[in-house]
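The values are calculated or read from the model by the stated rules, or taken from the named source; none is laboratory data. If you're wondering where the values come from, they're calculated on a predicted model, not measured in any experiment. Neighbour counts run over all protein chains shown; Cβ positions are idealised from the backbone, glycine included. Quick note on the areas: whole protein, heavy atoms, side chains included, nothing else; ligands and nucleic acids left out. Shrake-Rupley method; radii C 1.70, N 1.55, O 1.52, S 1.80 Å.
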Amino acid sequence: MKKVERYFYPAIFIYEPDQEIAVKFPDLKCATSGVDDDDALLSARELLGIVMNGLEEDGEDIPAPTPLDQVATRPNERAVLVDVYMPSIRQAHNNRSVNRTVTLPAWLNAAALERNVNFSQVLQDALKNLLHMESANTGA
């Protein structure tokens, strides 16, 4: 069976004075929060990925998302459609190595070899830094 590439689920952002924005997924019975709208959306996306990956791995039924226009909200709430790209979530748990071919100027290659540079480690560190990822298992 082909796995779903992207999931879309409604979330309810709940605004209370002097509190983080609470975010709940009514279809999935889970919640998170964020300090502002951007942080709340990122937290919601991360949680959605974790929950959906868990459901997939456990072979559980994936609940159908409620259409956004049918999500009931209160005056201090807002319905938001949250999406998650699953291939990156699934790959985050796959720590196997893959080969990549890179091209370097000959002088740079020679200087690095002379200093016993670990090319793989340097590339990994540079990519993590560029992508703002702290660990090897960061996926989203």
Under a 10 Å cutoff between Cα atoms, tell me which one of Leu113, Leu130, Leu41 has the largest fluctuation in the Gaussian network model of the chain. Leu113
Residue (of Asn53, Leu28, Pro17) at the positive-pole extreme of the chain, dipole from beta-carbon charges: Asn53
List the trypsin sites (Lys or Arg not before Pro) in region 75-134 that DSSP assigns to loop (not H, G, I, E or B) and whose Cβ has at most 14 other Cβ atoms within 10 Å. Which are they? Arg96, Arg100, Arg115
Calculated from DSSP H runs of 4 or more alone, at -39500 (n - 2.57) each and per residue, what is the 222 nm mean residue ellipticity of the chain, nearest 500? -11000 deg cm²/dmol
Using the heavy atoms of the protein chains alone and a 1.4 angstrom probe, what is the accessible area of the chain per residue in square angstrom? 73 Å²
About the Cα centre, charge dipole magnitude for the chain (Lys/Arg +1, Asp/Glu -1 at Cβ), debye: 700 debye
So if I take the alpha carbon set of the chain, get Rg, then get Rh from the Kirkwood formula, what is the Rg over Rh ratio? 1.14
Residues of region 107-136 with backbone nitrogen within less than 16 Å of a virtual label 7 Å along the Cα-to-Cβ line of Gln91, please, listed as ranges. 124-125, 127-136
Scoring the chain by relative contact order with C-alpha pairs under 8 Å, at least six apart, yields a percentage of 26 percent
Leaving out ligands, DNA and RNA, and with a 1.4 Å probe, what % of the accessible surface on region 58-134 is carbon or sulfur? 52 percent
Viscosity 0.692 mPa s, temperature 37 °C: what is the translational diffusion coefficient of region 33-109 from Stokes-Einstein with a Kirkwood Rh over Cα pairs, rounded to a whole number of µm²/s? 203 µm²/s
